[in-house]
Amino acid sequence: MSLATSTIAQLRQRLTAGEITPRDIVQDVAKAIESRNGELGAYLSFDTETALKEADAADKSLPLGGIPIGIKDNMNVTGQPCTCASKILAENYTAPYDAGAIQKLRQGGALPFGRLNMDEFAMGSSTENSALGITRNPCDASRVPGGSSGGSAAAVAGDIAIAALGSDTGGSIRQPAALCGCVGLKPTYGRVSRFGLVAFASSLDQIGPITKTVEDAALLLNHLCGKDGRDSTSLDVEVPDFTAGIGKDIKGLRVGLPKEYFIDGTHAGVSAAVDAAIKKLESLGAIIEQISLPHTELGVATYYVLAPAEASANLARFDGVRYGHRSSSATDLMEHYLKSRSEGFGPEVKRRILLGTYMLSSGYYDAYYLRAQKARTLIRNDFTEAFSKVDVIISPTSPAPAHKLGELKDNPLAAYLEDVFTIPVNLAGLPGISVPCGDVEVDGVKLPVGLQIIGKPLDEVTVLRAAHAYEQAR
């Protein structure tokens, strides 16, 4: 069996038994990348030579010792490019430091290996917005892998990565995991340091794992979390053993079904797969309860006010003065700013910067940004009320399976609705996981469907417990 197809748990067992070495794993993953990345376009770059040196020095006694992990290309790793899949950073930026999450991974013994494609600056849900090339779904190369962490999900599902890190602002870990058929976990906001993660929307972004199994997600999360004084939103709370609930039953677990998430417009095959998952959970002893999240309909509109507004402020730093793309034809300072940014940013990033700048402008701040913050509070309050009655909430991860490449290119509003079930989780700062729950046949091809399990703040252990119980039963 190829080592690249293995899980973290399987590899760790073989490493500790002395059957394989970290060098063996890195070589096998590199071979798999060279064989299949031309078809998938998941990796933007990878440095096998450096990874092999780190593998030879790896401490196999550490929990993740010797395991290579793919990294979404918006997280800084010392000496490696960090392009955010944008022309504005692709020319000459090399990371001078490790992001907080990368430091945690290294402390656990893991090896960052490879830069994974994404929607430019994490703005999109298909990875078609990358300025450096598209990524294809490993289940059907004519379809999108989801986004913005599409490269991470495609690499894991395509067996050219053992596991990967993604970032999730409105569903960017869970949605591509669902569309590619792997596991994607967004932790509670503040669980994982955002230091060294290139910011899209600072009040929403969160780093998390994309893996082949729920157990692997828990193992990775154990070595991502913890207080970081360099991130003001990092939570100073105890980090539990996230594998604690793995293998435990879910008898008596109260599972909420929000009526607003089971709606007309969801693909019939997705609905059927999720309905079957609900029956499976019920057969395991879970108590299914109908609930309501009445302000769900405000989620997408609220997100597309707040996220572009924060992006407008965050991306102002990319001006071509200190680093990144600099226009060669500018004749004065103003022209330098205008041309450098116009040449460096892609269409979707420009669209969101313009939207965000408008919403923050004089006379419009109260009408848009302030009202959106109030709507966000209503959405968060809905979840608080629901969690007084249930332990977890479930829904489809995405309303439809992966669409064809280019199908929604000229319809950004339809593309934005791909995240209708995931966005509220970010607005409320909650943990959520997508786990495969079946497939749907489209044009003769079986495409994966994801089940989303949402938990209370800081209750990833219960989310993982429920996800693992379902995964094993299925």
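The values are calculated or read from the model by the stated rules, or taken from the named source; none is laboratory data. All values reported here derive from a predicted model rather than from experimental measurement. As a convention, Cβ positions derive from the backbone with ideal geometry for all residues, glycine included, and neighbour counts pool all protein chains shown.
For Ala199, are the conditions met, namely being closer than 23 Å to Asn222 by Cβ, touching a residue at least 60 places away in the same chain (Cβ under 8 Å) and either part of a helix (DSSP H, G or I) or not basic (Lys, Arg) (or both)?
It is false that Ala199 is closer than 23 Å to Asn222 by Cβ, touching a residue at least 60 places away in the same chain (Cβ under 8 Å) and either part of a helix (DSSP H, G or I) or not basic (Lys, Arg) (or both).
Residues in the stretch 167-189: is at least one buried (at least 24 other Cβ atoms within 10 Å of the Cβ), closer than 28 Å to Thr357 by Cβ, hydrophobic (A, V, I, L, M, F, W, C) and touching a residue at least 12 places away in the same chain (Cβ under 8 Å)?
Scanning the stretch 167-189 turns up at least one residue that is buried (at least 24 other Cβ atoms within 10 Å of the Cβ), closer than 28 Å to Thr357 by Cβ, hydrophobic (A, V, I, L, M, F, W, C) and touching a residue at least 12 places away in the same chain (Cβ under 8 Å).
Take Ser362 and tell me if it is over 24 Å from the mean Cα position of the chain (by Cα), not in a helix (DSSP H, G or I) and not basic (Lys, Arg).
In short, yes.
Among residues belonging to the stretch 95-154 that are over 17 Å from the mean Cα position of the chain (by Cα) and part of a helix (DSSP H, G or I), point out the one that is surrounded by the fewest Cβ atoms within 10 Å (Cβ to Cβ).
Gln107
Does Gln452 satisfy the condition of being assigned to a helix (DSSP H, G or I), closer than 19 Å to Leu185 by Cα and not aliphatic (A, V, I, L, M)? Walk me through it before giving the result.
Working: assigned to a helix (DSSP H, G or I): no; closer than 19 Å to Leu185 by Cα: yes; not aliphatic (A, V, I, L, M): yes.
No: the conditions fail for Gln452.
Those residues that are of a type in the set (Asp, Glu) and either exposed (fewer than 14 other Cβ atoms within 10 Å of the Cβ) or over 21 Å from Asp159 (Cα atoms) (or both), I need them from the stretch 36-49; list them, please.
Applying the first criterion (of a type in the set (Asp, Glu)) to the stretch 36-49 yields 39, 47, 49.
Residues satisfying the conditions are Glu39, Glu49.
Here is a check on your reading of the model: is Ala157 surrounded by 24 or more Cβ atoms within 10 Å (Cβ to Cβ), more than 25 Å from Tyr303 (Cα to Cα) and touching a Cys at 6+ places or on another chain (Cβ under 8 Å)?
yes
Please enumerate the residues belonging to the stretch 65-83 that are surrounded by fewer than 24 Cβ atoms within 10 Å (Cβ to Cβ) and either more than 26 Å from Ala131 (Cα to Cα) or among the hydroxyl-bearing types (Ser, Thr, Tyr) (or both).
Gly65, Thr78
Does Ala201 qualify as being of a type in the set (Gly, Ala, Ser) and out of contact with any strand residue (DSSP E or B) (no Cβ under 9 Å at 6 or more places or on another chain)?
yes
Output yes when any residue across the stretch 50-57 is aliphatic (A, V, I, L, M), within 30 Å of Arg326 (Cβ to Cβ), surrounded by 22 or more Cβ atoms within 10 Å (Cβ to Cβ) and touching a residue at least 12 places away in the same chain (Cβ under 8 Å), and no when none is.
Of the residues in the stretch 50-57, the ones aliphatic (A, V, I, L, M) are 51-52, 55, 57.
This time we only want the ones that are within 30 Å of Arg326 (Cβ to Cβ), so: none.
No; the residues of the stretch 50-57 include none that is aliphatic (A, V, I, L, M), within 30 Å of Arg326 (Cβ to Cβ), surrounded by 22 or more Cβ atoms within 10 Å (Cβ to Cβ) and touching a residue at least 12 places away in the same chain (Cβ under 8 Å).
Collect the residues in the stretch 202-239 that are surrounded by fewer than 24 Cβ atoms within 10 Å (Cβ to Cβ), among the hydroxyl-bearing types (Ser, Thr, Tyr) and either free of Cβ contacts under 8 Å to residues at least 24 places away in the same chain or under 19 Å from Gly450 (Cβ atoms) (or both), keeping them in residue-number order.
Of everything in the stretch 202-239, those that are surrounded by fewer than 24 Cβ atoms within 10 Å (Cβ to Cβ), among the hydroxyl-bearing types (Ser, Thr, Tyr) and either free of Cβ contacts under 8 Å to residues at least 24 places away in the same chain or under 19 Å from Gly450 (Cβ atoms) (or both) turn out to be Thr213, Ser232.
Between a residue in the stretch 58-75 that is touching a residue at least 60 places away in the same chain (Cβ under 8 Å) and within 16 Å of Ile20 (Cα to Cα) and any residue that is in a strand (DSSP E or B) and not hydroxyl-bearing (Ser, Thr, Tyr), which pairs come within a Cβ distance under 7 Å, given they are 6 or more apart or on different chains?
So the pair list comes out as Ile67/Leu111; Pro68/Leu111; Pro68/Phe113.
Among the residues of the stretch 272-291, write down those that are surrounded by 15 or more Cβ atoms within 10 Å (Cβ to Cβ) and either touching a helix residue (DSSP H, G or I) at 6+ places or on another chain (Cβ under 8 Å) or at pLDDT below 95 (or both).
Listed by number, the residues that qualify are Ala277, Lys280, Leu281, Leu284, Ala286, Ile288, Ile291.
Please list, ordered by first then second residue, the pairs with beta carbon atoms under 6 Å, 6 or more apart or interchain, first in the stretch 449-464 and without any contact (Cβ under 8 Å) to a residue 40 or more places away in the chain, second in a loop (DSSP other than H, G, I, E, B).
Between residues of the stretch 449-464 that are without any contact (Cβ under 8 Å) to a residue 40 or more places away in the chain and residues that are in a loop (DSSP other than H, G, I, E, B), there is no close pair.
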